[in-house]
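Q: My questions will all concern the structure given below.
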Amino acid sequence: MNTDDNELDEISAVARTMHATWVSDSLLPRIQRAIDAEHRRERFHVWQLAAAVTILAALAALGWYAQRRVRENEFNQAILQRTALDQVERAERDHVAAIDRMEKLAGPKLEQPQSPLMVSYKEKLMLLDDAIADCQAAIRTNRQNAQLRRQLLSVYTEKQRTLQDVLREESHESR
Amino acid sequence: MTAFAVELPRVEPISDLDLARRCAAGDADAFESIYHAHADRMKSIAYHHLGNVADAEDAVQETFLKIHRAASTYTGEAAFGTWLYRILINTCYDAMRRRRRRPQEAPIDDMVTLTRAASNVDDTKRIMLARLLRELPEQRRTVFVLFEIEGFSHAEIAEIAGISEANSKWILFSTKRQLQEKWKHEH
C-alpha cells in the first residue's frame with residue numbers, strides 16, 4: 001500500500017467518525033407543531049375555497065335568476081304590447097267597416113251631387129280619404145307609433161261626422 | 001475504497017405508500033415514526049451541509065413540512081427513505097444558497113463535541129476534514145457525506161442525488177483525490 005492509498009484510507013477513517021449527533025428534545029414537538037399549524041391552515045384554506053365556491057355559485061344562480069326574470073318581463077311586456085296593439089287594430093277595423101257601411105249608404109248622393117253643399121262634402125271626403133291613405137302608409141312603416149294612430153282616428157272620426165252630415169242632409173231633402 | 005456498513009432503515013414499498021398517505025393527512029404518529037427512523041441521520045447530513053445545529057434542525061423541520069405538503073404526490077417509485085433524503089438534500093442546498101446571500105448569518109458550531117468520539121482518530125484531523133468539506137462544491141460534499149460519513153451505498157446516493165451509480169463513484173473518487181491534495185498541504 002503506497003502513501004497515496006494510506007492518505008485516502010485515513011480520510012475515509014476520519015470521515016467515519018464524523019457522524020454528528022446531538023440531543024434535540026424540542027425538535028420533534030417543534031416539527032409536530034409546525035405540521036399541525038400547516039394542516040390547520042390547509043383545512044382553513046379548504047373551507048375558504050368551499051365558501052368562495054358556494055358564494056360564487058350563489059351569485060351565479062342569483063344572476064341567472066335575475067336575468068331570467070328580466071327576460072320573462074320583457075317577453076310578457078312584448079306580449080302585452082302586441083295584445084294591446086291587436087285590440088287597437090281590431091277596433092280600428094270595426095270602426096273603418098262601420099264608416100264604409102255609412103259611405104255605401106251615402107254613395108249614390110255623393111256620386112251625383114245635387115247641391116253645392118254636397119259638392120263640398122264630396123271634396124272634403126276625398127281630402128279625408130287622402131289623409132287616411134297617408135296615415136296608413138306611415139303606420140305600415142311604424143306599427144307602434146301611437147301619435148299616427150291618434151291622427152288616423154281623428155281623420156276617421158272627421159270622415160264619420162262628414163258622412164253623418166251627408167246622410168242627415170239626405171234625410172232633410174227627402175222629407 | 002470501503003464504506004462501513006450502516007443498515008438503512010428500509011420500509012416495504014406498500015408500507016411506504018401507506019406512510020405517505022398518513023403523512024398527507026397530517027397523522028402525527030406517522031411523522032413520529034419517520035422521525036425516530038431517520039432524524040438522527042437527517043440531522044447529521046444537514047449539519048455537514050450547513051455547519052451548525054440551528055440551521056441543521058431548521059432544515060430537518062422544513063423537510064418534514066415539505067413531506068407533509070408533497071406526500072399526496074408520492075407514487076412509491078422510490079423508497080420513502082430515499083425520497084425523504086432527496087428532499088432533505090434539496091432543502092440544504094436552498095439554505096446554502098440563501099446563506100451565500102447572507103454569509104454573516106452562518107455560524108459554524110464546534111464539530112468535535114457533535115461527532116462521535118473515536119479513540120484512534122485525532123480531533124484535529126476531524127476538524128481539518130470538516131473545514132475541507134465546507135470548501136467543496138454542493139454535489140461533491142453531498143456524495144462524500146452520504147457515502148463516507150453516513151454510510152449510504154452508491155445505489156442509494158444515485159437515487160437521492162438524481163445521478164447514476166457510476167457517476168456517484170466517480171464523484172466520490174475525484175472528491176477524495178481533491179481532499180487528499182489539501183490534506184497533504186495541511187499536514
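The values are calculated or read from the model by the stated rules, or taken from the named source; none is laboratory data. Keep in mind it's a predicted model, so treat the numbers as computed, not measured. Here the Cβ is made from the backbone with ideal geometry for all residues, glycine too, and neighbour counts use every protein chain on show. These area figures cover heavy atoms from the full protein model, side chains too; ligands, DNA and RNA do not enter into them. Shrake-Rupley method; radii C 1.70, N 1.55, O 1.52, S 1.80 Å.
Q: Among A:66, A:52, which is farther than 30 Å from residue B:23 by Cβ, aliphatic (A, V, I, L, M), assigned to a helix (DSSP H, G or I) and more than 14 Å from chain B (Cβ to nearest Cβ)? Walk me through how you get there before you give the answer.
A: Values: A:52 fails: farther than 30 Å from residue B:23 by Cβ.
Just one listed residue meets the conditions, A:66.
Q: I'm told residue A:29 meets every condition in (1) within 11 Å of another protein chain (Cβ to nearest Cβ); (2) over 30 Å from residue B:184 (Cα atoms); (3) surrounded by 10 or more Cβ atoms within 10 Å (Cβ to Cβ) except one. Can you identify the failing condition by its number?
A: Evaluating residue A:29 over (1) within 11 Å of another protein chain (Cβ to nearest Cβ); (2) over 30 Å from residue B:184 (Cα atoms); (3) surrounded by 10 or more Cβ atoms within 10 Å (Cβ to Cβ) leaves (3) as the failure.
Q: Of the residues that sit in segment B:59-102 and are closer than 20 Å to residue B:161 by Cβ and in contact with a Lys or Arg (Cβ under 7 Å, 6 or more places away or on another chain), which one is farthest from the other protein chains (Cβ to nearest Cβ)?
A: B:79
Q: Taking the condition of being in contact (Cβ under 8 Å) with a residue 12 or more places away in the chain and either facing chain A (nearest Cβ under 10 Å) or not polar (S, T, N, Q) (or both), how many residues in segment B:167-187 meet it? Please lay out each step first, then the result.
A: Taking segment B:167-187 as the starting set, the residues that turn out to be in contact (Cβ under 8 Å) with a residue 12 or more places away in the chain are B:168-169, B:171-176, B:178-179, B:182-183, B:186.
Right, trim to either facing chain A (nearest Cβ under 10 Å) or not polar (S, T, N, Q) (or both) and you get B:169, B:171-173, B:175-176, B:179, B:182-183, B:186.
Result for segment B:167-187: 10.
Q: Here is a follow-up. Does segment A:79-114 hold any residues that are open to solvent by less than 60 Å² (accessible area, probe 1.4 Å), over 43 Å from the mean Cα position of the chain (by Cα), more than 18 Å from residue A:156 (Cβ to Cβ) and without any contact (Cβ under 8 Å) to a residue 40 or more places away in the chain, and which are they?
A: A:113
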